[in-house]
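A quick write-up on the structure given underneath.
Where a number appears in this text, it was derived from the coordinates with a stated rule and is not lab data. Since this is a predicted model, take the numbers as computed values, not measurements. No Cβ is skipped: glycine too gets one built from the backbone with ideal geometry, and neighbour counts run over all protein chains shown.
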Amino acid sequence: MATPVKVYGPTLSTAVSRVLACLLEKNVQFHLIPVNMAKGEHKKPDYLKIQPFGQVPAYQDEDITLFESRSINRYICDKYGSQGNKGLYGTNPLEKASIDQWIEAEGQSFNPPSSVLVFQLAFAPRMKLKQDENLIRQNEEKLKKVLDVYEKRLGDSQYLAGDEFTLADLSHLPNIQYLVNGTDRAELITSRENVGRWWGEISSRESWKKVVEMQTSPPPS
Amino acid sequence: MAIKVHGPMMSPAVMRVVATLKEKDLDFELVPVNMQAGDHKKEPFISLNPFGQVPAFEDGDLKLFESRAITQYIAHTYADKGNQLLPNDPKKMAIMSVWMEVEAQKFDPIGSKLGFEIVIKPMLGMVTDDAVVAENEEKLGKLLDVYESRLKESKYLGGESFTLADLHHAPSLHYLSGSKVKSLFDARPHVSAWVADILARPAWSKTIELSKH
């Protein structure tokens, strides 16, 4: 039995939960190592040695240390190709190219406006920070345009990269989870027929339900 | 010709794809897209890239968008052509992939804002917003401090050889090197040597040459 991989960071972080969803899809054993961000542990020298930008998550697997959630997920899929969901990152170069294209669309087009909205609408009130109405409006407009493209795409195929659930769909789960369940803007997703259908499918995967469970119930100590 | 790149050479994302094709010594056709006329938001372009952004890419029947997905496709599919742009070991590949994401998630948002304010706006007769420039110069400085530490350990971001992780930075490095932002590179010896190395590559010179036509 291989040593479990280590993931550093809180499950509430969207980037951490992106990696956890992938590990669960791939049936990879992991240890979650808490990083107390309220105490600034992510900016301390020991942590900066494994994540030079002082952000979560960091990932360790045998002698390799990685960061950036989307890179970690690609590595997990390559290293653990033969276990769990085998088609998660495609099985040939053409499938991979299509998945990469939609992972990039997520990272470049979907994530910037949606993460602003998640922060402003779901986190700022909890942290007693003032919301920036202008920023919210601008990013909601940007996100709507992106989702209109998704709506069309998801009318042509069941999932973003084709007819199978892949890393490209998975990458969207953390932000949409907060948008739908942690803000009053759920209709951005649910009012669009194909996007809503897609969200229903990807969020009811066992892997993601488990992540949400980890987010809502504290780990046993 | 089988490979087509749609978009204007001035676009950093188009340059990123063209530089990769030049590194790989591949023939391709550059198809102009008149962005002033809004052609990138209309058919037929919108069928190639539903987000209405340049570039779009075709290789035979395959159609792709997102410059970084295109460069990875080219580097994998044409592995035996031109210069090797990917490490051959899975662990080194993972490290390279980390730095590709750092470029896409951290460097590019800052680099493109600065490029837009300092280089593009004056070309379009618009006024540079000094506050935006100052804010992003500060962010870039902090980011480059991490690059400086990384580049002390290895010649390139992904290790000892040039990879896509370095190449993806080239368009912004090119634009910013011609501006006052260059002082941020010059103040960091390893970053400065890395920038000079990337911009001196023959494939990059050919890319710039093409952008002048």
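List of remarks:
- Scaled against 2.2 N^0.38 Å for its residue count N, the alpha carbon radius of gyration of the stretch A:5-86 is 1.05.
- As a length-normalised measure over Cα pairs under 8 Å and 6 or more apart, the relative contact order of the stretch A:5-86 settles at 39 percent.
- When only Cα pairs below 8 angstrom with a gap of at least 6 residues are kept, chain A shows a relative contact order of 21 percent.
- Antiparallel DSSP beta bridges within chain B, percent to nearest 5: 75 percent
- Of the three principal axes defined by the Cα atoms of the stretch B:90-204, the extents in descending order read 47, 29, 24 Å.
- According to the Cα-based calculation, Rg over Rh for chain B is 0.96, with Rh computed by the Kirkwood formula.
- Around A:Leu154: net Lys/Arg minus Asp/Glu count, Cβ-Cβ under 13 Å: -3
- Taking chymotrypsin sites (Phe, Trp or Tyr not before Pro) across the stretch B:65-143, none is in a DSSP loop with at most 16 further Cβ atoms lying within 10 angstrom of its Cβ.
- Loop-located GluC sites (Glu not before Pro) across the stretch B:98-178 with a Cβ neighbour count of 13 or fewer within 10 Å are B:Glu160, with loop assigned by DSSP.
- Formal net charge of residues neighbouring B:Ala13 (Cβ-Cβ distance under 14 Å; K, R +1; D, E -1): -2
- Whole-Hz couplings from phi, Karplus 6.51/-1.76/1.60, listed for the stretch A:14-23; x for Gly and Pro: 5, 5, 5, 5, 4, 6, 4, 4, 5, 4
- Anisotropy class of the protein assembly as shown from Cα gyration tensor, a/c 1.5 cut: rounded
- The order of A:Glu141, A:Glu104, A:Glu41, going from fewest to most other C-beta atoms within 10 Å of their C-beta, is A:Glu141, A:Glu41, A:Glu104.
- Trypsin sites (Lys or Arg not before Pro) restricted to DSSP loop in the stretch B:1-71 with at most 13 other C-beta within 10 Å: B:Lys42
- Estimated [θ] at 222 nm from DSSP helical runs (n ≥ 4, -39500 (n - 2.57)) normalised by residues in the protein assembly as shown, nearest 500: -15000 deg cm²/dmol
- Listed residue pairs exceeding 31 Å between alpha carbons, taken from A:Lys49/B:Lys22; A:Lys96/A:Lys144; A:Lys43/B:Lys113; B:Lys24/B:Lys212; A:Lys96/A:Lys130; A:Lys145/B:Lys81: A:Lys49/B:Lys22; A:Lys96/A:Lys130; A:Lys145/B:Lys81
- Order of A:Ser115, B:Ser183 under a 10 Å beta carbon neighbour criterion, fewest first: B:Ser183, A:Ser115
- GNM on chain B, alpha-carbon springs under 10 angstrom: the most fluctuating residue among B:Met93, B:Met15, B:Met126 is B:Met126.
- As a rough footprinting exposure proxy, the listed residues A:Cys22, A:Cys77 were ranked by other beta carbons within 10 Å of their own, and the order from fewest upward is A:Cys77, A:Cys22.
- Electrostatic tally near B:Ala104: other residues with Cβ closer than 14 Å to its Cβ, Lys and Arg +1, Asp and Glu -1, net -4.
- Max mean-square fluctuation residue, GNM over chain A, Cα-Cα springs under 10 Å, options A:Ile176, A:Ile202, A:Ile33: A:Ile33
- Coordinate range of the alpha-carbon atoms in the stretch B:1-111 per principal axis, descending: 45, 35, 21 Å.
- Beta-bridge orientation, the protein assembly as shown: approximately 70 percent antiparallel, per DSSP, counting only bridges with both partners inside.
- Under the criterion of Cα pairs below 8 Å and six or more residues apart, the relative contact order for the stretch B:3-84 equals 37 percent.
- Residue range of chain A that is longest and free of trypsin sites (Lys or Arg not before Pro) which are both DSSP loop and sparsely packed (at most 16 other C-beta within 10 Å): A:131-221
- Beta bridge orientation in chain A: antiparallel %, DSSP, nearest 5: 65 percent
- Gain upon complete extension [A:Lys49, A:Asp148; 0.36 nm per residue less C-alpha separation]: 31.5 nm
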